[in-house]
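Everything below concerns the one structure shown next.
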Amino acid sequence: MGYALGRLDLRRWRTGDALRLTAAHRDPEMANQNGIVDRASAVDWIGRVADLDNGHVYAVADADDHPIGCVAVTNIDRHQVGWTWYWTLAEVRGQGVARDSLRALANWAHREAGLYRLELGHRTNNAASCAVAAGAGFLYEGVERQRLAYDGTRYDVERHARLATDPLNPPQRPVTVTI
C-alpha cells in the first residue's frame, strides 16, 4: 500500500482510525506499545487519549488523511516538562515521517503549549529511534541503566531532551498541527 507522504498532518485520533491502529499494532516492533490487540482495544485507546488532561496525542496522517503513525507529548508536569513519544507504520519507516512529525510537535509544544522541556527515551539497541530523536533536535543526555523490562529482559534507555531555548528545527516537509 502506498502513502501520500508529500504533506503530513498531526490530528486527533478518530474512532474511524481503529482498524488502521489495530493493523499497525500487529507489527512485531509494536508488540509492547499501548496494549492494542483488536478493534475494541483500539477504540478504547482512542477514547482515552482524547480525554487526556495532561497531554496531546496525535495521529500522523498522510496527504490522503490515512494514519501512518503517532506522535505525542504526555505526562506534562508543573515544571512545563513533557514526555514525547512516537511510532510509525513499518511501510513508512526510514522516510523521515517520525522525524518531521516530532519536529513539528516539538515546535508546537514550545511555542503554542508553553512547554519548556521535552524529554524522550529509547532502548539503546534502537538506533532508528535514536536517529529520529537527533534528527528532531533532541540532544543526548545520558543512559538510564536497565530502565525498561520486556519479556523478562531489562534494557538500558538513552535519554534525550529538547529545550524551548534550543535552535528552531523546522520539519523538512510541510506538517500541520490540528488541535
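The values are calculated or read from the model by the stated rules, or taken from the named source; none is laboratory data. The structure presented is a predicted model; accordingly, all values stated were derived computationally and were not measured. As a convention, Cβ positions derive from the backbone with ideal geometry for all residues, glycine included, and neighbour counts pool all protein chains shown. Surface accessibility is based on the protein's heavy atoms, side chains included, excluding ligands, DNA and RNA. Shrake-Rupley method; radii C 1.70, N 1.55, O 1.52, S 1.80 Å.
Okay, here's what the table says:
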quantity: Residue selected from the range 123-179 under the condition at pLDDT below 95, assigned to a strand (DSSP E or B) and in contact with an Asp or Glu (Cβ under 6 Å, 6 or more places away or on another chain), by the criterion least open to solvent (accessible area, probe 1.4 Å); calculated: VAL175
quantity: Criterion violated by ASP77 - all others in (1) crowded, with 22+ Cβ neighbours inside 10 Å; (2) modelled with pLDDT of 95 or more satisfied; calculated: (1)
quantity: Residue in the range 107-116 that is touching a strand residue (DSSP E or B) at 6+ places or on another chain (Cβ under 8 Å), touching a residue at least 12 places away in the same chain (Cβ under 8 Å), open to solvent by 60 Å² or more (accessible area, probe 1.4 Å) and not in a loop (DSSP other than H, G, I, E, B) present; calculated: no
quantity: Some residue of the range 58-74 being open to solvent by 10 Å² or more (accessible area, probe 1.4 Å), touching a strand residue (DSSP E or B) at 6+ places or on another chain (Cβ under 6 Å) and part of a loop (DSSP other than H, G, I, E, B); calculated: no
quantity: Those residues of the range 85-106 which are open to solvent by less than 60 Å² (accessible area, probe 1.4 Å), under 14 Å from GLN172 (Cα atoms) and assigned to a loop (DSSP other than H, G, I, E, B), in sequence order; calculated: GLY96
quantity: Number of the condition not met by GLY82 [criteria: (1) under 23 Å from ALA23 (Cβ atoms); (2) within 14 Å of the chain's Cα centre (by Cα); (3) open to solvent by less than 60 Å² (accessible area, probe 1.4 Å); (4) not basic (Lys, Arg)]; calculated: (1)
